[in-house]
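Visitor: Dumping the structure here so I can ask a few things about it.
Each value in this text was obtained by applying a stated rule to the coordinates, not by laboratory testing. No experiment lies behind these values; they were computed from the predicted model shown. Heads up, the Cβs are rebuilt from the backbone with ideal geometry, glycines too, and the neighbour counts pull from every protein chain shown.
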Amino acid sequence: MMQLKGLYKLARPFNAFSGALAVFLGGYVAGTGEWLNVALAAVVAFLVTGAGNSWNDFLDIEIDKINQPQRALPAGIISPRAAVILSLVLTEIALILAAFINLPSFLIVLVFSLVLYLYSWKLKSTVLMGNLTVAVTSAMTVIFGGTAAGNVRPTLWLAVIITTAILGREVLKTIADYEGDLRQQVNTIATVWGKRTARIFFYVTTGITVWVMLVPYLIKVYREDLSFCSVLNVCSIFAPFADVLPVYNPVYAYIVAFGVFPVVVYVMLQVKRGVPGRRLERLSQILKYDFLIWFVAVILGAAR
């Protein structure tokens, strides 16, 4: 029973479930109705995320003894050997399932499984490169859903939003993990360039995310009410992209404005000098939950 609990905590199912939801989101906006492939892709994403979490925790045992002592490995709930075996088994199953979807899907899973292993081994301890790797890999889940469904184009803008949002959250986590990373001589933006620089980077990337989230609705406004755009002088800059970017219903803008933005603003106001690491970790978790509200906004906004 203890071993099963350890495996559960090691894979971090909630994180893995978020990846699976992103795949469904990509399959939904693709609009092809290939739900069997999309469902299979979601299972694959769940497995790959769990494998990456297990491998990452195996390599981060010493750091997690300081930053995350409640995790399965530093708490002694499960052995390091079991963590490696779990990671390899989940990756192998994911690759087998991906092969049943289509060749592009299999190649995506193969490449990004290798990237996740490389990230935990080498890229994580690099300034911003590791954070960017996590952000791009997370964004690939929605593209993976579009690939499985057979229509990638509608997912590309969503991938841009996910990349900037996750990049900001990852930088926030480097501030939260500052003490443990510094003791273990892990190179992050916080330990190398300082926590102040990391906070500024977090503010900038999160601010960009907030702006980019509005683009699908601004495109709709541009198409339907040119006079409104000319008065505000806001959405006309998207004219060259009006036929490329997705267009969402007004409900998307309402949910983003009143459901997503207030939480983002709250977190940004809380991330300031002197805030303890555990508090910053909780704030990063709040951002994760807030992102699920954005998922709902996309689903309702993209509905036809």
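Visitor: Hey, how much of the P(r) for the range 135-219 falls beyond 21 Å, as a percent of Cα pairs?
Guide: Percent of Cα pairs beyond 21 Å in the range 135-219: 42.
Visitor: First measure r as the distance between the Cβ atoms of Leu300 and Val111, then evaluate 1/(1 + (r/R0)^6) with R0 = 35 Å and state the FRET efficiency to the nearest 0.05.
Guide: On the way: r = 32 Å, r/R0 = 0.92.
With R0 = 35 Å, the Cβ-Cβ based efficiency is 0.60.
Visitor: On the principal axes of its Cα set, how long, how wide and how thick is the range 120-170? Give whole Å, largest value first.
Guide: Taking max minus min along each principal axis of the Cα atoms, the range 120-170 gives 36, 21, 11 Å.
Visitor: Say each of Ile61 and Ile208 gets a label point 7 Å from the Cα, pointing the same way as Cα to Cβ; how far apart are those two points in nm?
Guide: My value for the distance between the label points is 3.8 nm.
Visitor: For the ranges 265-271, 143-149, what's the packing order if you count other beta-carbon atoms within 10 Å of each residue, average per peptide, and put the highest first?
Guide: 143-149, 265-271
Visitor: Next question, about the same structure. Going by a ≥ b ≥ c, the root eigenvalues of the Cα gyration tensor, does the range 163-213 fall in the rounded group (a/c under 1.5), the prolate group (a/b larger than b/c) or the oblate group?
Guide: Prolate.
Visitor: Hey, can you rank 295-302, 22-29 by average C-beta count inside 10 Å, highest first?
Guide: 22-29, 295-302
Visitor: How do 281-291, 181-191 rank on mean C-beta neighbours within 10 Å, highest first?
Guide: Order by mean packing, descending: 181-191, 281-291.
Visitor: Right, something else. Two decimals is fine: what is log10 I(q)/I(0) at q = 0.23 Å⁻¹ for the range 81-204, from a Debye sum with one equal scatterer on every Cα and no solvent?
Guide: Result of the Debye calculation: -1.22.
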